[in-house]
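**Student:** Have a look at this one before I ask anything.
The values are calculated or read from the model by the stated rules, or taken from the named source; none is laboratory data. The structure presented is a predicted model; accordingly, all values stated were derived computationally and were not measured. Glycine gets a Cβ as well: all are built from the backbone with ideal geometry, and neighbour counts include every protein chain shown. Only protein heavy atoms, including side chains, enter the accessible area calculation; ligands, DNA and RNA are left aside. Shrake-Rupley method; radii C 1.70, N 1.55, O 1.52, S 1.80 Å.
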Amino acid sequence: MLQNRSPRTTAIGLSVAVSVTLIFLSLLGTLAPAESIARVPLNFFEGIFGGLTESVDNTAAELAEIRSLRQRNQELEESLAAFQAEVAELREIRSDYDRLAALVNYTTQTRDDFRYVTSDVIGRDTSPTVRVIHLNRGTRDGVSVDDPVVTEQGLVGRVIQVSATGCEVLLITDQSSAVNIRLQTSRDTGLVQGTLSGDLALSFVDTEGEIVPGDLVLTSGETQVFPSDIVVGQVSNPRLSDDELFLESSGTSFVDFSRLEMVLIITNWEPVDLEVFEQDEEEN
Amino acid sequence: MAIYYVGFPLLLLAAVFDATIRTLLRFWGGGPNRGVLVVVSWALVVDLREALPWAVMGGVFRDLLSVAPTGTSALALVIIVVSIDQLIPKLSWRNVILPLLSTALATIAYDVIALVILVIDGWPTPGLQTITYVIFPGLFVNLVLVLLVYRTVASINQFLRPTRASLL
């Protein structure tokens, strides 16, 4: 009995020691290079199975949606006609804007200046409480940490880890994500945070401001984490916060995060370095 | 040694499936944790000393596809495997109920341990929402899948170590 117990205890002790050591080294960042190398083959397998999942998911979704497509097509054609008129009007405004901006020598980084890298979503984080996606683009493609990630429907998140061939993106629906925003109509600013349910929570809007249900939420560009004027979502159900100091609201992104297949990484976003000002304040 | 050659690709596939095919099997926001399913099933059919390397290996693969520090899932799975080893002799009904009960306890234990380490790493505490959106849905999907995984793992073990025939 004693002979049996000793190797068992050793095995348990060794397994716990290995696990705890790995956790400490990983928390300290010592394992980062090894983790980055080990992720390369895993990203390769993720790419293969991610593609298969996408095909199966698409087929199932298309079969389910085929009935409603005809009606949807009709609605879209009507919307298109209305939008074409609006686009013509907006083009006029854009040309006025360009002319006036040139007159006052006002320059800013616009969407046309951004360099996009298209990437497939190859997987999702295995931790159920974390909303992170894996992409098949890495440092080899010019991707770096903090690069914003978008789709044509709006903001997706930002890059938090990069390997040579892949990267991890923290979604705006993750609880640790916070985006400085501006409401399109009222121009009030606030903060959008993720929730575990996958919805967005809008908060810290001044009580003297206004949240109009259905209003568009755009990135404000404050704190320079994201470029300004990227669509984040739409607000609903505005209310006063529990402490009655701010207005808050629920929000919904136009991006279907559960069906994300392809995204765009902005690889040349250069935020203004605000740390210089923080250091000055500390010195004073 | 064949056990380890089988375990390596099986656990690697389980981790990759969790990061990819997981999205197809979601229920109320939660998905299956195949790492837990494979390791629990393996721990039910083999000796502790054979189950522990699978727990460490499966955990590391899983953590490499996660923002959690490497070793988080390994530690959680080692604790689960040791707990199962301690509980099995006390349970006389080694049948369908045993994998279900083990999986239920293992899923909850895994989520709690992983959550604690994520909080230490600086990720926010989700609070009660975790139960509604993560633990219960994940538990349900794991319970639906465990018998299939258990039978598969038991068959692999039987294939690798066929029982010797004996003459009466």
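**Student:** Run down B:92, B:66 and say which single residue is modelled with pLDDT of 80 or more and polar (S, T, N, Q).
**Tutor:** Details: B:92 fails: modelled with pLDDT of 80 or more.
That would be B:66, the only listed residue that is modelled with pLDDT of 80 or more and polar (S, T, N, Q).
**Student:** Let me ask you something else. Could you count how many residues in the range B:61-90 are within 14 Å of the chain's Cα centre (by Cα) and at the interface with chain A (Cβ under 7 Å from one of its Cβ atoms)?
**Tutor:** 6
**Student:** Evaluate the range B:71-78: report whether one residue or more is open to solvent by 10 Å² or more (accessible area, probe 1.4 Å) and under 27 Å from residue A:25 (Cβ atoms).
**Tutor:** The initial filter retains those residues of the range B:71-78 that are open to solvent by 10 Å² or more (accessible area, probe 1.4 Å), namely B:75.
Now narrow it down to the ones that are under 27 Å from residue A:25 (Cβ atoms): B:75.
Yes: one or more hits.
**Student:** Pull up the range A:172-181, narrow it to residues that are surrounded by fewer than 20 Cβ atoms within 10 Å (Cβ to Cβ) and in a strand (DSSP E or B), then point me to the one that is farthest from the other protein chains (Cβ to nearest Cβ).
**Tutor:** Taking the candidates together, the pick is A:180.
**Student:** Scan the range A:75-96 and tell me whether some residue there is surrounded by 10 or more Cβ atoms within 10 Å (Cβ to Cβ), of a type in the set (Gly, Ala, Ser) and within 30 Å of residue B:64 (Cβ to Cβ).
**Tutor:** The answer is no; no qualifying residue exists.
**Student:** Given the options A:38, A:32, A:60, A:11, name the one that is of a type in the set (Gly, Ala, Ser), touching a Lys or Arg at 6+ places or on another chain (Cβ under 6 Å), surrounded by 10 or more Cβ atoms within 10 Å (Cβ to Cβ) and within 10 Å of chain B (Cβ to nearest Cβ).
**Tutor:** Details: A:38 fails: touching a Lys or Arg at 6+ places or on another chain (Cβ under 6 Å); A:32 fails: touching a Lys or Arg at 6+ places or on another chain (Cβ under 6 Å); A:60 fails: touching a Lys or Arg at 6+ places or on another chain (Cβ under 6 Å).
Only one candidate qualifies: A:11.
**Student:** For the range A:109-117, indicate whether the set of residues that are within 14 Å of chain B (Cβ to nearest Cβ) and open to solvent by 40 Å² or more (accessible area, probe 1.4 Å) is non-empty. Lay out the reasoning, then the answer.
**Tutor:** Of the range A:109-117, the ones within 14 Å of chain B (Cβ to nearest Cβ) are none.
No, the range A:109-117 contains no residue that is within 14 Å of chain B (Cβ to nearest Cβ) and open to solvent by 40 Å² or more (accessible area, probe 1.4 Å).
**Student:** Take the conditions in contact (Cβ under 8 Å) with a residue 60 or more places away in the chain, touching a helix residue (DSSP H, G or I) at 6+ places or on another chain (Cβ under 7 Å) and crowded, with 19+ Cβ neighbours inside 10 Å and apply them to residue B:135. Does it pass? Steps first, please.
**Tutor:** Numbers: in contact (Cβ under 8 Å) with a residue 60 or more places away in the chain: yes; touching a helix residue (DSSP H, G or I) at 6+ places or on another chain (Cβ under 7 Å): yes; crowded, with 19+ Cβ neighbours inside 10 Å: yes.
Here the answer is yes, as residue B:135 does meet what is asked.
**Student:** While we're here: Since residue A:164 meets every condition but one in (1) more than 14 Å from every other protein chain (Cβ to nearest Cβ); (2) in contact with a strand residue (DSSP E or B) (Cβ under 9 Å, 6 or more places away or on another chain); (3) open to solvent by 30 Å² or more (accessible area, probe 1.4 Å); (4) not hydroxyl-bearing (Ser, Thr, Tyr), which condition does it not meet?
**Tutor:** Looking at each condition in turn, residue A:164 falls short on (2).
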